[in-house]
Structure formats: structure tokens, C-alpha cells
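Below: one structure, written as C-alpha cells.
Quick note: the coordinates plus some simple rules give every number you see, no bench work behind them. Given the structure is predicted, the values throughout are model-derived calculations rather than measurements. Ideal geometry is used to build each Cβ from the backbone, glycine not excepted, and the neighbour counts take in all protein chains shown.
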Amino acid sequence: MSTHEKLSMAQALNRALRDALAEDPTVVVFGEDVGPLGGVFRITDGLTADFGETRCFDTPLAESGIVGMAVGMAMNGLRPVVELQFDAFAYPAFEQIVSHVAKMRNRTKGKVPVPMVLRVPYAGGIGGVEHHCDSSEAYYAHTPGLHVVTPATPADAYALLRAAIASDDPVVFMEPKKLYWSKEEVELPPAVPGIGRAVIRRDGTDATLIAYGPSVPVALEAAEAAAQEGRSLQVVDVRSIVPFDDETVCAAVRSTGRAVVVAEAAGFASVASEIAARVSERCFHSLAAPVRRVTGLDIPYPPPKLEHFQLPGVDRVLDAVDDLQWEQ
């Protein structure tokens, strides 16, 4: 029996972890400050009190050790869910992620799965400094063996996290920090497909905006602004970066003939670049103009007072739309 509740993304993630812990005794949650404190963003609030210190517990400030321990747990029958507190805090564990998390199942010819989730709060929009507002999704997407997903709504946050925990493959779960407090009415359990499916957030006929995670609300806002000017923009939420839903994305682009990819990460060698390439290869004969990208700048993350220059905004998205070839 389904119920409806108005939840923030943070609350939806907490509910997903709570339900997974209650339903599956092999699920364990750990990381820096996730225990009694409930995490920096309070995603794990109350879990230690309700499930005990053997199911949700704090770790030392040692990311490589945290992920290495999770690999061992996953190889021996548990389903660890690790919080890596901030995006750039994960880099000390990158060797573990690339060399062992991503490769163990292939290395053992499928005999040893690694069912684990790496929760990574990522991207900007909170006025943080470097090491606290990085967009690191391309590193993981470039690593075969990892699934990479990022929700843009509370309903997707719940459904995708439950799907990630249930997966026998390792999942890097990218959580947009600036959307933690966004709220919507959520049907529990949400009727949302699992990993690997994009979704059309807004219909349109003139051009397609392709976005994921923190950039989805920007794309929707840009589409609303364009509508006031008489232009109809479609918005696609990628949701799953790896595996990527070519079918939904390309069908959307073919229906409009024009596409703009919107993402916060730096543009060079990025996920946005990969999406633009895939669309160009698969939709070439349907395109009326080259695929445009609106991304973060190719610079280290700036100080908080300059953050608004770094983040793609509505004006930059609309400028890219205007730059598409339109019949006069």
C-alpha cells in the first residue's frame, strides 16, 4: 500500500537507508560522522539510535581505509553503504575504487561480486570552498565496472538509492548538495525505474536540454523562461550516467533536432562532452545544429563569492539555445 509524504531529498535518502537497513540485515552504513551526529548533512540522522552501532557507525578520518574495509565486507556477504562526506574527500580512496571496487568482479570472472554503494555529496551551490564543492562524476564514469547515478528529485533519490543498495555491482551514488533541501510530494515506495533509465521532465518541441543532478532544476527554469519568449524547450533528466540511456535521450533529441547539454563540472573531457558526442553520433541526420554544452569553467573551484560565475545559470543556458541555428 502506497503513501504520500512531502519529503526533502535529505529526508528521502534517510528513508531509503532506513528501509534498506530494516529489510536486509546485510546492509551496513558507515563513514565519517555518520553515527550519532547523523552526518554533515544529516542524511544518516537517527540510524545509529534505531539500528545500533553495528549497523550504522563512525569511522576514522581515513577514506582509503573506509573504502578498503567496504570492499572486504562486500566480498564476504555484506552490502556496505559508505558516505564519503564531501566530493573531493574521496580522492584519497580513489586507488581503492579504481583498482579493487571497480575490478574485483571482472578479476574473479564474476565469482566475487562487490555489492556496495559509495555515497558522494557533490557539486556546488552551497557557498563552500575547494574540496567541498567538486564535481567528480567524470572520474567514476570513466572507470569500467562502476555504475554512476545522480538524482535530481526526492522521489528519485529514494528509488535510485534503494536500487543501488540492491545491485550486485558497485554504485557511485552522487548526491547534489544544493538539492538536499528541495522538497516534493513523494509516493512511497516511488514508482521509478531502477538504474539505467533517463526521464523526460518537461515536453518541448524546439530544442532539448539534457541535464543531470544539480543542473536539472536549472534546465527546467531555463525552459520556463524560454516559454515566456515563445520557445518550447524539452528537458531530459539523465539520472543514470553509467549505464547511460541512449534510447530515451536520443529519441528526445530526434524529436526536436537541437540539443544543449547542461552540467556543473568543467567542460573539458567531461560527462557533458560524452553526452554531446553520443548524441552527435547517434542523431547526426536529425540535428539541425551542432550540440551545445553549458558547463562549469575549466578552473579549480572558485571562492564562495565567485561561485555564481562558475555555475551554469539560466542566462547561459538561454544564450546557448539562442546560439543554435534557427530559421529566420
Which one, 262, 240, 306, is farthest towards the positive end of the dipole of the chain when Lys and Arg carry +1 and Asp and Glu -1 on their Cβ? 240
Note, residue 227: beta-carbon cut-off 15 Å, +1 each Lys/Arg, -1 each Asp/Glu, net -3
Can you run phi through the Karplus equation (6.51, -1.76, 1.60; θ = phi - 60°) for the range 100-112 and list ³J(HN,Hα) in whole Hz, with x for Gly and Pro? 10, 4, 6, 10, 4, 5, 5, 4, 9, 6, x, 6, 10
May I ask you to derive the FRET efficiency for residue 232 and residue 299 from their Cβ-Cβ distance with R0 = 51 Å, giving the value to the nearest 0.05? 0.90
Counting sequence-distant residues (5 or more places) and residues on other chains, those with an amide H built under 5 Å from that of residue 202 are 235
Over all alpha-carbon pairs of the range 199-323, lay out the pair-distance distribution in 5 Å bins, whole %, shortest bin first. 2, 12, 24, 25, 20, 10, 5, 1, 0
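For the range 99-200, which GluC sites (Glu not before Pro) are in a loop by DSSP, counting at most 16 other Cβ atoms within 10 Å? Can you show the working numbers first?
Numbers: sites: 130, 137, 184, 185, 187; in loops: 130.
Listed in order of number, the matching sites are 130.
With a sphere of radius 12 Å drawn around the Cβ of residue 186, what net charge do the other residues whose Cβ falls strictly inside it have (Lys, Arg +1; Asp, Glu -1)? Each step should come with its number before you reach the end.
Working: positive: 6, 15, 183; negative: 5, 156, 184, 185, 187.
Here the charged neighbours net out to -2.
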Calculated from DSSP helices alone, with each H run of at least 4 adding -39500 (n - 2.57) and the total divided by the residues of the chain, [θ]222 nm to the nearest 500 comes to -9500 deg cm²/dmol
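Counting every Cα pair in the chain, what percent are over 27 Å apart? Working shown, then result.
Working: 22892 of 53628 pairs.
When every Cα pair of the chain is considered, 43 percent fall beyond 27 Å.
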For residue 111, counting only lysines whose alpha-carbon sits under 24 Å away and dropping same-chain residues fewer than eight positions off, the answer is 103
If you restrict to DSSP beta bridges whose two residues both lie in the chain, what percentage is antiparallel, to the nearest 5? 25 percent
